[in-house]
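Have a look at the structure below before the remarks.
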Amino acid sequence: MFALQGRYAAWLFVAPAILLVAVFIYLPMVLNVGVSFYDWSVLRNEFTWKGVENYLSTLDNIDFRSAFANTAIYLAVLVPAQIALPLLLAFLMLRVRNRLLVRAYRAAYFIPTIVSFSIAGVVWLWMFNPIVGFLNTFFEAIGLQSHRWLNDPDMALWCVAAVAFWKGFGLNLILYAAALVGIPREVVEAADLDGAGPWTRALRIEIPMISPTLFFTGVTTVLIVMDEIVGVVDVLTEGGPYNSSSNLVYYLYDRAFRQFNFGEAAAVATLIIAIVAVATWLQFRAFERYVHYQ
Amino acid sequence: MSTTSKQRKGAALHLASRVAIHVALFAAVVVTLFPLLWMFTTAFTPNELTFRRNLGLLPAQPTIANFVAAFQIQPVAYWLLNSVITSVAIAAGKMLVAIPAAFAFAHFRFRGRDWLFAVIVGTMTIPYVVTLIPTYIAIVRLDLYNTLAGVIIPSIAFCGFAIFFLRQSFKVVPTELLEAGVIDGAGPLCALVSIVIPNTLPAIASLSVLSFLSAWNLYLWPHLILNDANMKTLSIGLKLFATNQEQLQQWGPLMATAVLGLLPALAIFAFAQRYVMDAFVHSGIK
């Protein structure tokens, strides 16, 4: 349709989007690799050739190593947690018959998703406050020990992970809930007739049936954990104490915008995209093997 | 006999498991919503009382003094205004770019269509941090540093999801309807405005709301570009406020500012809950 006049119109219609995506996403992505071989001075606005030096000094930097290790912990903890717990809640919600109640639960779990990272940050900063914050007041009231939370190098990372989880789990939850409701009734009823218990049914029927959604949330959760918890890190701890809660993106931010070492920061960005590419590739491999499309 | 007692036992177990499910779900609701309720409590508690350890959810002497104080301590009015301007501009810009593109991808045949679509949708898998440094350098060189335009323009480019989502919705509009329009002499633009858009308003509404919310919550990019206190958006102003107040101990006004930042998002969610959740859910379906 729109056979003749349409062709030119179509190109006009897609042109702005293509242009924006090319100029502000693909071009910077390529330039980033370029910048990573240079040093850029903000004041003089000059580029100096550094070769692979930015990469070598990055890999050698002890702060980078701890940021790298922390990122691995964040991924190892948050990706399974943000999949398993919402999935469990979605299964529980499936057993609730009252539709109004189901909607209320969904809305409640979803609310932190629409809260910005900085609001989530300041709200939890206040909850974690060691002197007058709610958590310590509550802990002492019920006879537990109070903690230093964000000021404790052994705890800060877990506090940040908890806040990131709190903010992120609702999104995956509503996706799972929608996918589970979408499973054809006959399939579930057939399993019931065959005498499958709830566990067998979940593991053999329901989880395989929603595997495309699980795969999708796996990919997006990796991206979110890599990319977006920087807001929580910045407001809650600024990566501290002693870099104990920093991650790769925060390290990049610190290198570029506090120490003005843009070349090294660009090198970190290149490493980040390499990590995400590998993680996504691994998930696609698993996807080919296990994901079931109806 | 034995069957009835078995049945009764089964029924009791069934009831117990139903109760357990509700207890678990309700406990999760409490943990999820409590920090936000606590934020509201603190925002309406006189600031001097926030230093007394207290576990009550209802403020003892409710007051709006914290809101008044917040506007005096920090340029919160500017932050709100800047947030509204950037969020509306980003959301509107994304729609302006995404609607025609999605229409072309859904209903036209042209060379390179599938390849171009893949290029656009592919941006959804790119971590935005890899664009950060070159874009920052470009913004500084173009003298857009510390301007709202410097925040808005690059953000509109992240429209991959919008185009993907709208293309799905536009495809539902029957080709016959569009062909009838063509026979009546409607050009492509006319068909878009008079046939496609009126028939897909719920999808467009969902996406506008989603784009507005994500722009309202932007953190890292405005944090890098907006430097003066008066130029900040609320999202990053809060960070400035939080950093300053650690010495000043102004938890009441800080929570009041957080409430102001959350209210627009909550209001949109309350009024357009179905649209917002639908948009998120569709983002996860294939």
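Of everything in region B:228-244, what is within 9 Å of chain A (Cβ to nearest Cβ) and either out of contact with any Phe, Trp or Tyr (no Cβ under 6 Å at 6 or more places or on another chain) or at pLDDT below 90 (or both)? Give them in sequence order. Please lay out each step first, then the result.
Looking only at region B:228-244, we keep the residues that are within 9 Å of chain A (Cβ to nearest Cβ), and these are B:234-239, B:241-243.
Selection gives B:ILE236, B:LEU238, B:LYS239, B:PHE241, B:ALA242, B:THR243.
With respect to B:ILE120, is the statement that it is touching a Lys or Arg at 6+ places or on another chain (Cβ under 9 Å), crowded, with 22+ Cβ neighbours inside 10 Å and facing chain A (nearest Cβ under 7 Å) true?
Values: touching a Lys or Arg at 6+ places or on another chain (Cβ under 9 Å): no; crowded, with 22+ Cβ neighbours inside 10 Å: yes; facing chain A (nearest Cβ under 7 Å): yes.
No.
Rundown of residues vs (1) over 28 Å from the mean Cα position of the chain (by Cα); (2) assigned to a helix (DSSP H, G or I); (3) touching a residue at least 24 places away in the same chain (Cβ under 8 Å), yes/no style:
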position: A:VAL160; (1), (2), (3): no, yes, yes
position: A:GLY170; (1), (2), (3): no, yes, yes
position: A:LEU180; (1), (2), (3): no, yes, yes
position: A:VAL187; (1), (2), (3): yes, yes, no
position: A:THR200; (1), (2), (3): yes, yes, no
position: A:LEU203; (1), (2), (3): no, yes, no
position: A:GLU206; (1), (2), (3): no, yes, yes
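In a helix (DSSP H, G or I) and touching an Asp or Glu at 6+ places or on another chain (Cβ under 8 Å): which single residue out of B:SER206, B:SER194 fits that description? I'd like the intermediate steps shown before the answer.
Details: B:SER194 fails: touching an Asp or Glu at 6+ places or on another chain (Cβ under 8 Å).
Only one candidate passes the filter, namely B:SER206.
What number goes with the only condition from (1) at pLDDT 90 or above; (2) surrounded by fewer than 19 Cβ atoms within 10 Å (Cβ to Cβ); (3) β-branched (Val, Ile, Thr) that A:VAL132 does not pass?
Among (1) at pLDDT 90 or above; (2) surrounded by fewer than 19 Cβ atoms within 10 Å (Cβ to Cβ); (3) β-branched (Val, Ile, Thr), A:VAL132 violates only (1).
Quick test of your reading of the structure: A:VAL232 fulfils all but one of (1) within 18 Å of A:LEU78 (Cα to Cα); (2) in a loop (DSSP other than H, G, I, E, B). Name the failing condition by number.
Here A:VAL232 meets the rest and fails (2).
Filtering region B:245-270 down to residues that are farther than 20 Å from B:SER155 by Cβ and facing chain A (nearest Cβ under 7 Å), which residue is surrounded by the fewest Cβ atoms within 10 Å (Cβ to Cβ)?
Residues of region B:245-270 that are farther than 20 Å from B:SER155 by Cβ, as a first pass: B:245-260, B:262-263, B:266-267, B:269-270.
After this cut, where a residue has to be facing chain A (nearest Cβ under 7 Å) as well, the list is B:251, B:254-255, B:258, B:262, B:269.
Details: B:TRP251: 25, B:LEU254: 31, B:MET255: 27, B:ALA258: 30, B:LEU262: 24, B:PHE269: 21.
Taking the candidates together, the pick is B:PHE269.
So B:TYR145 ticks every box in (1) crowded, with 20+ Cβ neighbours inside 10 Å; (2) touching a residue at least 40 places away in the same chain (Cβ under 8 Å); (3) not in a helix (DSSP H, G or I) but one. Which box is left unticked?
Of (1) crowded, with 20+ Cβ neighbours inside 10 Å; (2) touching a residue at least 40 places away in the same chain (Cβ under 8 Å); (3) not in a helix (DSSP H, G or I), only one is false for B:TYR145: (1).
For the structure I just gave you, tell me whether B:VAL196 is more than 10 Å from chain A (Cβ to nearest Cβ), buried (at least 22 other Cβ atoms within 10 Å of the Cβ) and more than 18 Å from B:ALA104 (Cβ to Cβ). Show your work before the answer.
On the way: more than 10 Å from chain A (Cβ to nearest Cβ): yes; buried (at least 22 other Cβ atoms within 10 Å of the Cβ): yes; more than 18 Å from B:ALA104 (Cβ to Cβ): no.
Judged against the criteria, B:VAL196 is not a match.
The values are calculated or read from the model by the stated rules, or taken from the named source; none is laboratory data. The structure displayed is predicted, hence computed values, not measured ones. Ideal geometry is used to build each Cβ from the backbone, glycine not excepted, and the neighbour counts take in all protein chains shown.
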